[in-house]
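Just so you know, all these numbers are worked out from the coordinates, no wet-lab data involved. All values derive from a computational prediction rather than experimental measurement. Here the Cβ positions follow ideal geometry from the backbone for every residue, glycine too, while neighbour counts run over all protein chains shown.
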Amino acid sequence: AWSHGTRGIRNFALTNVRSATLLQEAACRPPGWQGISHHIRDWFGVYDEAPSDIVLRFSKQAAGDVASFIFHPSQTIQILKSGKVEVRFRAGGLEEISWHLAQWGRDVQVVAPERLRKLCRKL
């Protein structure tokens with residue numbers, strides 16, 4: 001939504017909204033606005049942070065599930081000679097990505113970035 005305080009588009013968690021007021025003025029798209037799809041293209045979940053190049057390697061046992069799973073719209077999937085599956089995409093929200101990867105347990109290896117690897121180790 002547009003934030004009058006920051007004079008820009010911001011993300012608001014709806015769970016934190018205590019009240020709403022109907023304004024008489026209409027909201028206008030900010031100059032250069034290219035739509036919500038463009039605005040969130042580098043996000044993973046709800047986190048708006050600078051995107052990183054994500055490289056994940058999944059075990060042979062998880063390959064079937066991973067090959068049909070959509071982690072991010074920008075992802076590419078490569079089946080390696082070993083039978084493992086490598087998934088690459090570009091997104092921000094490393095903390096939320098780490099939470100999501102926890103469900104894969106030992107079947108996923110974070111190849112890059114190092115910060116995501118460290119976040120996953122903490123879980």
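Here the dipole of the chain is about 360 debye; that uses its Cα centre as origin and unit charges on the Cβ of Lys and Arg (positive) and Asp and Glu (negative). In summary, no lysines lie within cross-link reach of residue 118, defined as a Cα separation below 19 angstrom excluding same-chain residues under 8 places away.
Sorted on the mean count of surrounding Cβ atoms within 10 Å across their residues, most packed first, peptides 65-76, 28-39, 50-61, 105-116 read 50-61, 105-116, 65-76, 28-39.
For region 54-123, the Kirkwood estimate of hydrodynamic radius, built from reciprocal distances between every pair of different alpha carbons, is 12.0 Å. Using alpha carbon centroids, what distance separates region 9-39 and region 74-123, in Å? Result: 32 Å between the Cα centres.
Along each principal axis, taking the top coordinate minus the bottom one, the Cα set of region 1-49 gives 33, 28, 17 Å in descending order. Within region 1-99, the percentage of alpha carbon pairs spaced more than 24 angstrom apart rounds to 42%.
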